[in-house]
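For reference, the structure is listed below as structure tokens.
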Amino acid sequence: MRGDRMLKIVLLLQSRGRLSTRQLAGELEVTPRTVSRDLEALGQSGIPIVAHRGRFGGWSLLDGYRSTLTGMTPNETSALLLRASSGPLQDLGLGGHYEAALHKLRAAYPEPERQGHAFLRRLLIDEAAWHDRAPGVPEALEVCQDALWAERRLRFGYVKEQEGAAAPAPRTVEPLGLAVKRGVWYVVARDRGVIKTFRVSRMLNAERLDEPFDYPADFDLAGYWQASLEAFPAKLPRYEAELSMQAQTLEIVRAERYVRVLREEALENGACAVRADLATPEFALRFLLGLGSAVKIDGPQALKEAVAREAERVAGMYRE
């Protein structure tokens, strides 16, 4: 509809500044002649459209003019209000601004629509898992944020899960972005030319250096993050084992977060032969001991012997 198209023109000029007729036509998927007619109609309706001549000409709104129109439908507004969550923004010190924006959005919501969308008060989306503990805000987050905004290098020690208690050697990186997943903060940074992801809570003695760097203009944080999520499973440790169990035990195995069932085959008497990835030998030992006699290990031999030794120690402890 023409009214929707004209609204889009105003919002495009308001958000992007000066645009040519050809650029507007490309955004709206219409002909330049249609855009020219719409611009003329906008001017006649009182919208202060300014024409710029010359090589870098185009169209813009009069300096200082801001439209109060949002172009948002009631359902779009409802979706924003329903999904409102300022947790990560609180970590960055922006929670107050976010809540103020939501108050303004609610105030702009038409009264009839507020009354007709009572489901907003009757529906809650809680994305936290049942057993997740609140990680808190890492001390290094503010330093990382400061270095990122100022485009300054960042130095810190980094402790990995498998490392011992020795103090890690400091490293210097160029921060490119911050990401939060399930309440856990990560820094995406360039480390000696290679882009890596660092968990903020594992940083020690983080400090912003007075060393500027050139932020790569072509870096796409969202694209990098999605690609790293897709590649993450391939980096996980693997430890495969052959197991036998009843169907009800297989459901317990499937429900375990760190276990992947790779193959299963039905046997006699309702039993199943299962090939599973148990991540590491240490985890496999702990997990299978917890299942007791409900699971029989068919391989590898080293795992069978390790479970047998540990089971004998447990039995001996209670015999004493």
(Q) Quick check on my filter: what residues within the stretch 228-281 are among the aromatic types (Phe, Trp, Tyr) and either under 30 Å from residue 175 (Cβ atoms) or modelled with pLDDT under 90 (or both)? (A) 232, 258
Q. Of all residues in the stretch 237-259, how many are surrounded by 14 or more Cβ atoms within 10 Å (Cβ to Cβ), out of contact with any Pro (no Cβ under 9 Å at 6 or more places or on another chain) and over 19 Å from residue 310 (Cα atoms)?
A. 9
Q: Working only within the stretch 7-25, note down all residues that are among the hydrophobic types (A, V, I, L, M, F, W, C) and part of a helix (DSSP H, G or I).
A: 7, 9, 10, 11, 12, 13, 24, 25
Q) Restricting attention to the stretch 164-171, does a residue exist that is surrounded by 15 or more Cβ atoms within 10 Å (Cβ to Cβ) and either closer than 16 Å to residue 219 by Cα or touching a residue at least 12 places away in the same chain (Cβ under 8 Å) (or both)? A) yes
(Q) Every residue in the stretch 260-275 that is open to solvent by 50 Å² or more (accessible area, probe 1.4 Å) and either under 23 Å from the mean Cα position of the chain (by Cα) or among the hydrophobic types (A, V, I, L, M, F, W, C) (or both), please. (A) 262, 266, 267
Q. Can you name the condition, by its number, that residue 75 falls short on among (1) over 30 Å from residue 183 (Cβ atoms); (2) open to solvent by 50 Å² or more (accessible area, probe 1.4 Å); (3) part of a helix (DSSP H, G or I); (4) at pLDDT below 85?
A. (1)
Q) Can you name the residue in the stretch 286-308 that is within 20 Å of residue 247 (Cβ to Cβ) and in a strand (DSSP E or B) and is also most open to solvent (accessible area, probe 1.4 Å) among such residues? A) 296
Q: Kindly list, by first and then second residue, each pair from a residue in the stretch 209-227 that is closer than 21 Å to residue 143 by Cα and among the acidic types (Asp, Glu) to a residue that is open to solvent by less than 90 Å² (accessible area, probe 1.4 Å) and part of a loop (DSSP other than H, G, I, E, B), limited to pairs with Cβ atoms under 9 Å and residues at least 6 apart or on different chains.
A: 214/151
Q: Among the residues of the stretch 14-25, count how many are under 19 Å from residue 55 (Cα atoms) and either out of contact with any helix residue (DSSP H, G or I) (no Cβ under 8 Å at 6 or more places or on another chain) or of a type in the set (Val, Ile, Thr) (or both).
A: 6
Q: Considering every residue within the stretch 205-227, establish whether at least one is over 23 Å from residue 175 (Cβ atoms), surrounded by fewer than 16 Cβ atoms within 10 Å (Cβ to Cβ) and among the charged types (D, E, K, R).
A: no
Q. Can you tell which of 152, 171, 192 is modelled with pLDDT of 90 or more, in contact with a helix residue (DSSP H, G or I) (Cβ under 9 Å, 6 or more places away or on another chain), basic (Lys, Arg) and farther than 27 Å from residue 286 by Cα?
A. 152
Q: Would you check if there is a residue in the stretch 34-57 being within 36 Å of the chain's Cα centre (by Cα) and at pLDDT 85 or above?
A: no
Q: Kindly indicate whether residue 98 is in contact with a helix residue (DSSP H, G or I) (Cβ under 6 Å, 6 or more places away or on another chain), closer than 30 Å to residue 149 by Cβ and either at pLDDT 85 or above or open to solvent by 60 Å² or more (accessible area, probe 1.4 Å) (or both).
A: yes
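The values are calculated or read from the model by the stated rules, or taken from the named source; none is laboratory data. These figures come from a predicted structure and were not determined experimentally. Glycine gets a Cβ as well: all are built from the backbone with ideal geometry, and neighbour counts include every protein chain shown. The protein model used for the area step is the full one, side chains on, heavy atoms only, and it has no ligands, DNA or RNA in it. Shrake-Rupley method; radii C 1.70, N 1.55, O 1.52, S 1.80 Å.
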